[in-house]
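Below you'll find the structure, written out as structure tokens, and then a few comments.
The values are calculated or read from the model by the stated rules, or taken from the named source; none is laboratory data. A quick note: this is a predicted structure, and the numbers were derived from the prediction, not measured. Every residue, glycine among them, receives a Cβ derived from its backbone with ideal geometry; neighbour counts consider all protein chains shown. In case anyone asks, the SASA skips ligands and DNA or RNA and just uses the protein heavy atoms, side chains included. Shrake-Rupley method; radii C 1.70, N 1.55, O 1.52, S 1.80 Å.
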Amino acid sequence: MMTSSSETITASASAAGTWKLGDLTVNRIGFGAMRLPQNGPAFTHGDSSDRSRAVRVLRRAIELGVNHIDTAAFYFSPLRSANELINTALAPYADDLVITTKVGPGRDPSGEWTWAAPDQLRGQVEENLRQLGRDHLDVVNLRIARSHTSSSVAEHFGALAELREAGLIRHLGMSNTSPEQLAEARAIAPVVCVQNMYGIDSPPEDLAFLRHCGEQGIAFVPFWAIAGAGREAGATATGSEAVLTVARDHGATPAQVRLAWTLHQGPHVLAIPGTGNPDHLVENVAVGALKFTADELDLLAS
């Protein structure tokens, strides 16, 4: 296993190198906070997580060199909020820590989903500011509903651009978006990252979009790189025979292979794996040191 006791000591988020989100440099291995507030699948009414364990995970992530955390105000369970856990664990924040959040979707106290109109985005931004205890947000992604990836984003993105001009937001990104929406947004304000579902089983057009982002100097940040079709519920299978073969050859887990594969798709690709388990955290961070040969990449692509 890559996560043997000897390698656990040396696991570092810096092993995969760095990329810049605008003027902010981050290690390519980051941390996603979606799974912190609850046990089991995200966005359910299941048991809330253990607060002290969640705080330990966040602090351990920083110890391992993570300086990019992805979160959202709608990441909450009945008793826990990802933003508030981050605030509790990490404030006062290190100067090099970049916290990325997203707006557009929201959840009322019962957990029901809502979607913000352009004039409601400021309220969502301010909600993130309050929960995180900050006076500005490093990066804010406009999250698009899966059913609206062909719709115009001009009004929503324009509203966020105004908040950027006002100093509440430093940089802007897009999430769950399309090439056409990205072009529309970039005509309004700079876009530093695209956060889309992407993994080893994704179709060719998704890879084309990933490469397009790289050509524009835009970070591509896959979500569900490990879970794949399992989405919020997590991985549903161990992987293909190719994944299993490469995992055995490297003494790694299939999840590590799937995550590391995304990092091999370009130097502009970042990783934001999430977990509430300290051991899984170390496994995730360790993938930065997992390097594949050209033959292994061909095998995984077959």
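Side notes on the structure shown:
- Qualifying residue in segment 131-143 (condition: in contact (Cβ under 8 Å) with a residue 40 or more places away in the chain and over 17 Å from Ala72 (Cβ atoms)): no
- When residues of segment 55-64 are limited to those that are open to solvent by less than 10 Å² (accessible area, probe 1.4 Å) and part of a helix (DSSP H, G or I), the one farthest from Phe220 (Cα to Cα): Val57
- Condition check for Lys291 on (1) outside any loop (DSSP other than H, G, I, E, B); (2) open to solvent by 40 Å² or more (accessible area, probe 1.4 Å); (3) charged (D, E, K, R): one failure, at (1).
- Test: residue in segment 122-133 that is in contact with a helix residue (DSSP H, G or I) (Cβ under 7 Å, 6 or more places away or on another chain), farther than 23 Å from Ile29 by Cα and among the charged types (D, E, K, R): yes
- Any hit, segment 101-118, residues being open to solvent by less than 40 Å² (accessible area, probe 1.4 Å), in a helix (DSSP H, G or I) and out of contact with any strand residue (DSSP E or B) (no Cβ under 7 Å at 6 or more places or on another chain): yes
- Within the option set Leu121, Leu137, Leu142, Leu129, being hydrophobic (A, V, I, L, M, F, W, C), at pLDDT 95 or above and more than 14 Å from Ala161 (Cα to Cα) holds for one residue only, Leu129.
- Search result, residues across segment 65-94 that are assigned to a loop (DSSP other than H, G, I, E, B), buried (at least 22 other Cβ atoms within 10 Å of the Cβ) and not β-branched (Val, Ile, Thr): Asn67, Ala72, Ala73, Phe74, Tyr75
To keep it simple, each residue is scored yes or no on (1) out of contact with any Lys or Arg (no Cβ under 7 Å at 6 or more places or on another chain); (2) more than 17 Å from Val221 (Cβ to Cβ).
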{"position": "Leu132", "(1), (2)": "yes, yes"}
{"position": "Ile144", "(1), (2)": "yes, no"}
{"position": "Ser147", "(1), (2)": "yes, yes"}
{"position": "Leu163", "(1), (2)": "no, yes"}
{"position": "Glu180", "(1), (2)": "yes, yes"}
